[in-house]
1. Going by what's in this entry, would residue 69 be described as under 13 Å from the mean Cα position of the chain (by Cα), farther than 20 Å from residue 226 by Cβ and among the hydroxyl-bearing types (Ser, Thr, Tyr)?
2. Filter the helices (runs of 4 or more DSSP H) completely within segment 75-134 down to those with at least 1 residues that are within 22 Å of residue 220 (Cβ to Cβ).
3. Hand me the list of helices (runs of 4 or more DSSP H) wholly inside segment 1-66 holding 3 or more residues that are of a type in the set (D, E, K, R).
4. Kindly establish whether residue 290 is touching a Cys at 6+ places or on another chain (Cβ under 8 Å), closer than 30 Å to residue 197 by Cα and at pLDDT below 95.
5. Could you count how many residues in segment 134-148 are surrounded by fewer than 24 Cβ atoms within 10 Å (Cβ to Cβ) and either touching a residue at least 24 places away in the same chain (Cβ under 8 Å) or at positive phi (or both)?
6. Which residues, counting only those in segment 167-180, are among the hydrophobic types (A, V, I, L, M, F, W, C) and either surrounded by fewer than 18 Cβ atoms within 10 Å (Cβ to Cβ) or farther than 17 Å from residue 217 by Cα (or both)?
7. Which residue pairs have Cβ atoms closer than 9 Å, lie 6 or more positions apart in sequence or on different chains, and pair a first residue in segment 181-192 that is on the phi > 0 side of the Ramachandran plot with a second residue that is assigned to a helix (DSSP H, G or I)?
8. Here are the criteria: (1) within 24 Å of residue 59 (Cβ to Cβ); (2) touching a residue at least 24 places away in the same chain (Cβ under 8 Å). Tell me which single one residue 9 does not satisfy.
Amino acid sequence: MPSRLLATLARRLFPDEAEGAAFLNGLQNPAPEQRAVIWTGHPDSAWIQAHAVPPPPETSGWPWPDWLSPVPPGFRPGQDPLHEAGAFYSLDLSSVWAASPLLSLKPPPQPRVLDVCAAPGGKSIFASRALAPGLLLSNEIIGKRLGILRHNLSRCGIRQAFTQRLDPADLAAKLPESFDVVLVDAPCSGQSLLTKGIENPGCFHPTVVQHNARRQRRILAEAARTVGPGGHLLYTTCTFAPEENEKVIAWFLQRSPGFRPVEVPHLEFWRTRLHEIPAYRLFPQQGIGAGGFACLLQRNDFGRATAEIPPPLLDYPVP
């Protein structure tokens, strides 16, 4: 039986009782995890022929690039020798879904990209392939996670990549209006982790949700200060609570008239029904991953160049 808090969340998300029941079943009886690999160089055709599968039918309208290969449910590509050699990075399909708005962007050549909460590195590596940045700054404030991030970026041979360990407020103060694309894969209550068999006690409790929402609002507001004129800001989570998703975006837009939400046509099927903002939700019962939330924002003003990046902020290149 679902907990009282989980059942309450299901009713908030799904007015239709059958849809709510499917959501609860997807959380409590998850399907085998589905993953994909990001090829860091030229895709290995023999490996793809042996292991890759067509994209899920639900994603047929996505702009699937040739450097992204889905693999069968339950397959663990991270145990493959090519993974250790840096030929690819493995991530779950929910993460691919959440990062996919980057595929719809048309940034300037060699854009500057900032990943504010970057560890373990999947979104940074996805951005490197999707956007071909001239500079990628991957930030992680937690020391242990920073080491994992640097290892993954180095193993995968990500070029023009640098790391930092700064609070979002310090990033905003040191790097105002400096990036064409900024990623905020925000720390959250992680409710979707249950579908991966990961215990996450308290993730549905209002105190936990509100604590995360306060932190997310602060991170998003500070990250927005680093976005250059006309630049984009992608906000994502791996949780379901509206307080950490639509309500964070609504709070931000109310206080940030210089930004607007951007529609992502290939995600229209997943458009949220909880708010008029064009934001997107993935649920575990939809068959392509644990679930998550994504909203793409754009800074309105155009015509000015992004600010220069102070050299000390690039003191930690990825080898």
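The values are calculated or read from the model by the stated rules, or taken from the named source; none is laboratory data. Everything numeric here is computed off the predicted structure, so don't read it as measured data. All Cβ positions, glycine included, derive from the backbone under ideal geometry; neighbour counts span all protein chains shown.
1. Numbers: under 13 Å from the mean Cα position of the chain (by Cα): no; farther than 20 Å from residue 226 by Cβ: yes; among the hydroxyl-bearing types (Ser, Thr, Tyr): yes.
It is false that residue 69 is under 13 Å from the mean Cα position of the chain (by Cα), farther than 20 Å from residue 226 by Cβ and among the hydroxyl-bearing types (Ser, Thr, Tyr).
2. Numbers: elements: 81-84, 93-99, 122-131.
It comes to 93-99, 122-131.
3. Filter on segment 1-66 gives 4-13.
4. Here the answer is yes, as residue 290 does meet what is asked.
5. 6
6. 169, 173, 175, 179
7. 190/212
8. Against the list (1) within 24 Å of residue 59 (Cβ to Cβ); (2) touching a residue at least 24 places away in the same chain (Cβ under 8 Å), residue 9 comes up short only on (1).
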